[in-house]
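Below is one structure; the comments refer to it alone.
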Amino acid sequence: MGLWKSVNKAIENTIEYTVFASRWFQAPIYMGLVFGSGMYAYKFIGELVTLGMNIEIWSEVQVMLAILGLIDISMVMNLLIIVIIGGYSIFTSRIDFDEQEDRPHWIDNLDADRLKVKLATSLASISGVHLLKTFIDIHEEAKTEGFDSLKYEIVIHLVFIVSALILAWIARVLNHN
């Protein structure tokens, strides 16, 4: 009997180690997101240069839309940082931030529930910026796409807001229990 227990325990340990080590399959995904954020930063610079080159000839509305586009890129980058740092440190490996003086304060108490709430609120904010761009450019939008797309954008934005509120409420309830 002792031999079978030893063999079963060895198999169990091997399976558990393999399952636990599988979290490292996420590391290349996070590195890809880091690379993608670098490409998105390049896109931001291109948009900023375009704005600078056209500032004298564009209308105030065009400048405002371009700036909202820059804000949109910035918010997507923030979302990427939340996913990269938060996801890696929660699901793959703890990042030793103790020695980093400039570490963001939101990392200190980050868990899976808070990460979900941050992601949902970021998506709602990005959706809000996109909706604001649509409202500013409503006349051009209505000519090409009609008002149906505006209705869909409003519904999607409301879904993001409601989702963020529900996730925040669930996280609060779970943290109080």
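Read-outs: derived from the displayed coordinates by stated rules, not from any lab. Owing to the predicted nature of the structure, the values given are computational and were not obtained by experimental measurement. Quick reminder, even Gly has a Cβ in these numbers, built from the backbone with ideal geometry, and neighbours come from all protein chains shown.
List the DSSP H helices in the chain whose Cα atoms stretch 30 Å or more along the helix axis and whose mean Kyte-Doolittle hydropathy is at least 0.5.
TM-like helix candidates: 27-54, 60-81, 112-136, 148-176.
Residue separation times 0.36 nm, minus the C-alpha to C-alpha distance between ILE90 and TRP169: what's the value?
26.4 nm
Which entry in (i) 16.9; (ii) 20.0; (iii) 18.2 is this structure's computed Kirkwood radius over Cα pairs in Å?
(ii)
In debye to the nearest 20, how big a dipole does segment 59-107 give about its Cα centre with +1 on each Lys and Arg Cβ and -1 on each Asp and Glu Cβ?
220 debye
Could you give the length gained on full extension between ALA112 and ASN8, defined as 0.36 nm per residue of separation minus the Cα-Cα distance, in nm?
Result for the pair: 34.1 nm of gain on full extension.
Expected output is a single nm value to one decimal: the length gained when fully extending between LEU70 and LEU48, i.e. 0.36 nm times separation in residues minus the C-alpha distance. What is it?
7.2 nm
Nearest 20 debye, what's the magnitude of the dipole of the chain about its Cα centre given +1 on Lys and Arg Cβ and -1 on Asp and Glu Cβ?
Here the size comes out at about 800 debye.
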